[in-house]
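Reading through the structure tokens given below for one structure.
The values are calculated or read from the model by the stated rules, or taken from the named source; none is laboratory data. These numbers come from a predicted model, not from an experiment. Here Cβ is always computed from backbone atoms with ideal geometry, including for glycine, and neighbour counts include all displayed protein chains. To get the accessible areas, we keep the full protein, side chains included, count just its heavy atoms, and leave off ligands, DNA and RNA. Shrake-Rupley method; radii C 1.70, N 1.55, O 1.52, S 1.80 Å.
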Amino acid sequence: MGDRRSARRLRYRRLHRGSRLSGGDEAVGAKRPRCSQGVGAAEGRTDPGGSAPIQRLPPELLDHIVSFLPVRDTVALGQTCRYLRQACDSEGVWRRVCRRLCPRLRQEGTAGARPWKRAAILNYTKGLYFQTFGGRRRCLSKSVAPLLAHGYRKFLPTKEHVFVLDHGGTLFFLRNALVSSAPGHLQWKRACRYVVLCRSAKDFTTDPRSDAGYRKYVYVLVAREAAPGAGRACDCVEVYLQSSGQRVFKMTFHAAMRFRQLVLVGQETERALLLLTEEGKIYSLLVNETQLDQPRSYTVQLALRKVSRCLPHLAPGLAVRAMTSNQSSAAFLTDKGAVYFEVHAPGVYRDLFGTLHAFDPLDLQMPLALALPAKVLSCALGYNHLGLLDEFGRLFMQGSNRYGQLGTGDKIDRGEPTLVHGLKCPLDIWCGLNHSLALLQSRELGQAVLGCGCGAGGRLPGWPKGSATFIKLQVKVPLCASSLCSTRECLYLLSSHDIEGGPGYRELPPSRAPPPPESPGAQACEQYLSQLQGCPTLAGRLAKVKEAVGALALPPCQKDFLWEALELIRRSARPRSPPACS
């Protein structure tokens, strides 16, 4: 052992002596160039090992090297200096990265000012996560991500499966295994396979009720290309069974009618299918779902909705930009940020507006305008309450508040939009049967899911008793989550970051910012401090503090410790005699 150690030391000394003799005096004063000095400052310097710095590489070679890095490392490398930022932000790098992530993606599937970077980030961050309600597990399970999907744009869970629409217009049918682990309990397993349901899809919808057990059919709005010699292209609505993905019905429209969105309103026997055209008009037709599985052919005439007939008279030039619906109501958002409502049930009308004064059972399609101080960007509609997000990132809630689902801190119903304090710039909101959820990204909380309302059945993970204010739930949220949805069994989170998307909120002017309300806790604290200041002696103040400590719900050991500390303060604070005059 001693001979081996001496041989290693001798070999190390010879190598170290040879490296010092070959390096000379130039290796002593050589320094590594900084990235911020650019290429020109590093040309006259060399590395001790004889290798050139990364700035001296040709741009084509640097782009080729960077394209082999993961997406996260490419973004991190671009944040080091200005030169590497330009190299990592080139479209050539992102084109190679995108082809590595999604080899079958073509140029036609990309869009925007930075198509390849947008496509690469969309495919890198795509994912569908779900967390089951009940039990002790608080982690999210990730579903299978289709390799053919070009990001995720929209998703809808049904009774047994999940349907996902990507940015390329392909609708995927994710088959989930829903098994019964115990009587009355359901267990979700990881999605085992996926099927391409249809291509060239614009939008899809299903039963608008929050309970996924009613979602039997899936309606898909598809743009079909014309066959050679068969005329012009047209839009159609195809109806699929959610259990098997089989198409059971198809509605074809005139070639002059171009649609971009569809929603459902009403019961199964008298269901209305609302279609939004590219010009901003709304048409409707009646559908009887109990007869969809019967093979027959008939003609149905589209009827222009009353909201499209009344809007030109109310405000010229307005067009509907988006719409959302529930079982007995529908909301329409115009391009100017106005909101109009259709309510078809008297009970829902009373919950939303607090009165039946203007309800007309003979004219259920009459649009009702909401008075809002700013432009509305998005709307979430529950059964008897709703949420609105304006251009300044403020959340307004309206409707029934029996379970505290409005998040205002009380259980008082609101007949008009009410501002929710403490919740700014959420990424997405969702209103259920008697609870509400918000996806938030902030510096204080990070990426989190906030909820309010009824917490029975695990609807609010971590808060089974519910809450009248928005509180942070015990949910592990992915970094790039963009939207959320909830059913009776589990909570879904969709992850797909779009660099050209986002709500696009503006800064609220100081003149329009309302003063923060005084909470009951703040008022009680101010009253208690005024009582302490009213006590003339220190003994009286300590007695007040001791009473407050006795009223707190603390363990006996902590109360004893606080009382001993107060007694030490009382003994140490003795009046001192004034100094004697000389």
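Remarks
- The listed residues are Leu450, Leu406, and the only one of them that is within 26 Å of Asp211 (Cα to Cα), in contact with a Lys or Arg (Cβ under 7 Å, 6 or more places away or on another chain), of a type in the set (A, V, I, L, M) and assigned to a loop (DSSP other than H, G, I, E, B) turns out to be Leu406.
- Filter pass, Val220 being in contact (Cβ under 8 Å) with a residue 40 or more places away in the chain, open to solvent by 30 Å² or more (accessible area, probe 1.4 Å) and either β-branched (Val, Ile, Thr) or part of a loop (DSSP other than H, G, I, E, B) (or both): no
- Scanning the stretch 365-378 for residues that are open to solvent by 30 Å² or more (accessible area, probe 1.4 Å) and under 28 Å from the mean Cα position of the chain (by Cα) gives Ala369, Ala371, Leu372, Pro373, Lys375, Leu377, Ser378.
- Arg258 passes every criterion in (1) modelled with pLDDT of 90 or more; (2) closer than 29 Å to Tyr383 by Cα apart from (2).
- Test for Leu450: is it under 27 Å from Leu156 (Cβ atoms), touching a Pro at 6+ places or on another chain (Cβ under 9 Å) and at pLDDT 85 or above: yes
- Some residue of the stretch 304-318 being at pLDDT 90 or above and of a type in the set (Ser, Thr, Tyr): no
- Checklist (1) out of contact with any helix residue (DSSP H, G or I) (no Cβ under 8 Å at 6 or more places or on another chain); (2) more than 24 Å from Arg506 (Cβ to Cβ) applied to Pro367, failing item: (1)
- Take the conditions (1) touching a Leu at 6+ places or on another chain (Cβ under 8 Å); (2) at pLDDT 90 or above; Asn434 misses just one of them, which is (1).
- Subset of the stretch 343-364 (residues that are open to solvent by 40 Å² or more (accessible area, probe 1.4 Å), at pLDDT 85 or above and under 14 Å from Ser328 (Cα atoms)): His344, Pro346, Arg350
- Residue tally, condition of a type outside the set (A, V, I, L, M) and either more than 18 Å from Gln441 (Cβ to Cβ) or at pLDDT 90 or above (or both), over the stretch 471-481: 1
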